[in-house]
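The values are calculated or read from the model by the stated rules, or taken from the named source; none is laboratory data. On a predicted model such as this, the values are computed, not experimentally measured, just so you know. Note: ideal-geometry Cβ built from the backbone for every residue, glycine included; neighbour counts use all protein chains shown. Heads up: the accessible areas ignore ligands, DNA and RNA and are worked out on the full protein's heavy atoms, side chains in. Shrake-Rupley method; radii C 1.70, N 1.55, O 1.52, S 1.80 Å.
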Amino acid sequence: MATVKIPAQLRGLTGNEAEAQVEGSSVGEALEALYARFESLRDRITDDGELRRFVNVYVGGEDIRFGAGLDTPVGEDDEITILPAVAGG
């Protein structure tokens, strides 16, 4: 199972869980498994099935936007990090 790291700003939707173990052979499948457990995360991470513009997802520290996107392969011991951009100044 892959581990999804959940950022502090989304933990209110996960009962304060900081990470979740999920099944899936791609980032998209892993996120679907995450949404099956925490449905309210879907609208915060995706829009019409695609990652929201200001949500970054990393597998093993690599930004999936520069790879295969949601089709990025996920191994059993991989770590998926969700990182919403924070605005401010």
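Out of all the residues in segment 3-15, which are under 19 Å from Val86 (Cα atoms) and either part of a loop (DSSP other than H, G, I, E, B) or open to solvent by 80 Å² or more (accessible area, probe 1.4 Å) (or both)? Quick ask: steps written out before the conclusion?
Here is the first cut: in segment 3-15, the ones under 19 Å from Val86 (Cα atoms) are 5-13.
Passing the criteria: Ile6, Pro7, Gln9.
Pairs needed: first member in segment 56-84, within 15 Å of Ser25 (Cβ to Cβ); second member anywhere, surrounded by fewer than 17 Cβ atoms within 10 Å (Cβ to Cβ); C-beta distance under 6 Å; at least 6 residues apart or different chains.
The qualifying pairs are Asp78/Gly60.
Given the structure, is Arg53 basic (Lys, Arg) and without any contact (Cβ under 8 Å) to a residue 40 or more places away in the chain? Give the derivation first.
On the way: basic (Lys, Arg): yes; without any contact (Cβ under 8 Å) to a residue 40 or more places away in the chain: yes.
In short, yes.
Could you tell me which of the residues Gly67, Gly15, Gly75 is on the phi > 0 side of the Ramachandran plot, among the small types (Gly, Ala, Ser) and out of contact with any Leu (no Cβ under 8 Å at 6 or more places or on another chain)?
None of the others qualify; the one that does is Gly15.
Restricted to segment 44-83, and to residues that are part of a strand (DSSP E or B) and open to solvent by 60 Å² or more (accessible area, probe 1.4 Å), which residue is farthest from Glu23 (Cα to Cα)?
In the first step, residues of segment 44-83 are kept if they are part of a strand (DSSP E or B); the result is 46-47, 50-51, 55-59, 62-63, 73, 79-83.
Now drop any that are not open to solvent by 60 Å² or more (accessible area, probe 1.4 Å), which leaves 47, 50, 62, 73, 79, 83.
On the way: Asp47: 22, Glu50: 19, Glu62: 19, Pro73: 12, Glu79: 12, Leu83: 20 Å.
Result: Asp47.
Output the residues belonging to segment 25-43 that are open to solvent by 30 Å² or more (accessible area, probe 1.4 Å) and in contact (Cβ under 8 Å) with a residue 24 or more places away in the chain.
Of the residues in segment 25-43, the ones open to solvent by 30 Å² or more (accessible area, probe 1.4 Å) are 25, 29, 32-33, 36-37, 39-40, 42-43.
Of everything in segment 25-43, those that are open to solvent by 30 Å² or more (accessible area, probe 1.4 Å) and in contact (Cβ under 8 Å) with a residue 24 or more places away in the chain turn out to be Ser25, Glu29, Ser40.
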